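Scroll down for the structure; my scribbles are underneath it.
Taken together, the values in this text are just the output of simple stated rules run on the coordinates, not laboratory data. Source: prediction; values computed, not measured. When we count neighbours, we look across all protein chains shown, and the Cβ atoms used for this are built from the backbone with ideal geometry, even at glycine.
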Ligand SMILES: *[C@@H]1O[C@H](CO)[C@@H](O)[C@H](O)[C@H]1NC(C)=O
Ligand SMILES: *[C@@H]1O[C@H](CO)[C@@H](O)[C@H](O)[C@H]1NC(C)=O
């Protein structure tokens with residue numbers, strides 16, 4: 001029987017068209033792109049990150065917390081705050097070891113024993129496997145990252161991948177050998193290779209929307225000759241272009257985040273278009289392969305935890321680079337999105353009420369700046385030689401089962417997320 005195009009068919013046609021439109025706009029609706037000071041999705045909607053840091057760069061070089069909870073449970077915690085982003089950190093050493101191992105990442109068994117010793121390594125590995133039964137002793141570190149990325153995608157949380165350090169360990173000091181290009185563990189060549197590798201690998205992570213080239217560039221104070229010859233904005237510019245061009249070549253979809261000097265606390269000459277000393281060149285997005293494609297974002301950290309005046313802190317933040325969000329503003333030459341990818345403080349029942357935390361809780365949503373708070377953790381596999389290190393700044397308690405400061409979470413953090421995303 002020849003079907004007649006009746007009302008029912010028209011309704012179906014309508015449903016099909018609607019289906020097509022909404023599937024095109026399926027989360028994450030990337031690739032993300034910048035437009036002036038905003039980040040947009042593929043439909044032109046503003047996207048602002050409100051999230052947290054999940055460290056995966058310390059000695060074991062896999063995301064923390066899995067000896068206490070499943071990946072799914074940890075991601076649910078993030079989701080329950082209303083957050084939409086995770087800054088997932090990794091170490092270049094992981095990629096170096098993949099290359100040294102004929103292209104295959106090392107197993108969890110080897111990674112845990114290498115970092116924690118034979119007895120404790122196996123003990124903690126068994127706890128990880130008990131909580132995350134999809135893994136086994138020969139699962140690789142990269143497969144753990146893949147599983148974390150898959151779960152974040154499932155729960156619709158953007159992934160901002162961050163190269164936190166070269167040698168897998170707690171970060172950051174100016175004497176840790178990871179401070180600046182050319183420092184003891186910080187090979188520029190391996191860094192470029194590692195960024196390219198992860199940008200390419202990340203094509204299989206649908207939730208991956210951006211990458212940070214390097215966490216907290218800082219003066220290599222234990223290497224005065226290096227500090228003297230290259231710790232400056234001119235060299236910074238050369239390295240940023242090198243890293244960004246490598247990432248863009250490997251994966252042109254990603255937003256690329258640039259960190260400033262002195263532990264990523266300021267980007268003033270970049271935002272103001274001042275000469276990049278000791279040279280005379282000025283920052284220009286057109287100098288980057290990714291620039292004209294609208295892929296560059298600035299990131300800053302702030303740990304002025306002793307602040308006594310919110311007005312003074314706000315003025316510092318604007319001058320450090322957040323003024324790029326205030327355009328048109330006479331001081332600003334380069335209008336770009338600025339994200340505070342780290343801030344944090346002691347998770348007790350009163351610090352969050354202090355000047356620093358309450359000022360940021362107001363300032364960041366007001367500026368509609370993205371942010372990721374340090375840190376999604378309760379404890380680390382190992383930090384600076386101490387195994388099962390308790391993280392007093394962690395959002396979670398020691399076994400990652402509940403909030404460390406429920407007063408902060410209910411009294412301020414959830415509202416900060418809501419106001420940022422509203
Ligand atoms: C982005 O947000 C700003 C501030 O709320 C608004 O003025 C602008 O129109 C938004 N852009 C889009 C594309 O929604
Ligand atoms: C171990 O887990 C990985 C994924 O994490 C999987 O690819 C592999 O097949 C598993 N091996 C065994 C022996 O079950």
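When both the range 169-225 and the range 369-402 are represented by their alpha-carbon centers, they are found 21 Å apart.
On the principal axes of its alpha carbon atoms, the range 45-421 extends 58, 48, 41 Å, with the longest extent given first.
Determine, for 393, 352, the number of other Cβ atoms within 10 Å of each Cβ, and report the residues in order from fewest to most. Numbers along the way, then the final one.
On the way: 393 16, 352 20.
Lowest to highest Cβ neighbour count: 393, 352.
Which percent, to the nearest 5, of DSSP beta bridges fully inside the chain are antiparallel? Before the final figure, lay out the partial values.
On the way: 11 of 42 bridges.
Given both bridge residues lie in the chain, the antiparallel proportion sits at roughly 25 percent.
Once you sort the root eigenvalues of the Cα gyration tensor of the range 159-270 as a ≥ b ≥ c, which label holds: rounded (a/c under 1.5), prolate (a/b larger than b/c) or oblate (the other case)? Verdict is prolate for the range 159-270. For the range 297-354 versus the range 230-288, the spacing of their alpha-carbon centroids is 19 Å.
When only C-alpha pairs under 8 Å and at least 6 residues apart count, what is the relative contact order of the range 87-228, in percent? Let's see the in-between values first.
Numbers: 191 pairs, mean separation 40.6, N = 142.
About 29 percent, as a whole number.
For the range 284-358, averaging the sequence separation of C-alpha pairs within contact (under 8 Å, six or more residues apart) and dividing by the residue count gives a relative contact order of 38 percent.
Here the relative contact order of the chain, from alpha carbon pairs under 8 Å that lie six or more residues apart, stands at 18 percent.
Per residue of the chain, the DSSP helices (runs of n ≥ 4 H) give a summed -39500 (n - 2.57) that works out to -11000 deg cm²/dmol at 222 nm. With an a/c value of 1.5 or above and a/b larger than b/c for the gyration tensor axes a ≥ b ≥ c computed over the alpha-carbon atoms, the range 316-360 is described as prolate.
Annotation: peptides 235-241, 409-415, 295-301, ranked by per-residue average of other Cβ atoms within 10 Å with the highest first, follow the order 295-301, 235-241, 409-415.
Taking the number of other C-beta atoms within 10 Å as the exposure measure, put 174, 187 in order starting with the fewest. Let's see the in-between values first.
Working: 174 19, 187 16.
Fewest-to-most ranking of 174, 187: 187, 174.
In terms of the Cα gyration tensor, with a ≥ b ≥ c the square roots of its eigenvalues, is the range 263-345 rounded because a/c is under 1.5, prolate because a/b exceeds b/c, or oblate? Judged from the Cα gyration tensor, the range 263-345 comes out prolate (a/c at least 1.5, a/b above b/c).
Return 376, 116 ranked ascending by Cβ neighbour count within 10 Å, so the fewest neighbours appear first. Don't jump to the answer; show the numbers that get you there.
Working: 376 28, 116 20.
Listing 376, 116 from fewest to most nearby Cβ atoms yields 116, 376.
Residues of the range 277-315 with an amide N closer than 16 Å to a point placed 7 Å from the Cα of residue 348 along the Cα-to-Cβ direction: 305-307.
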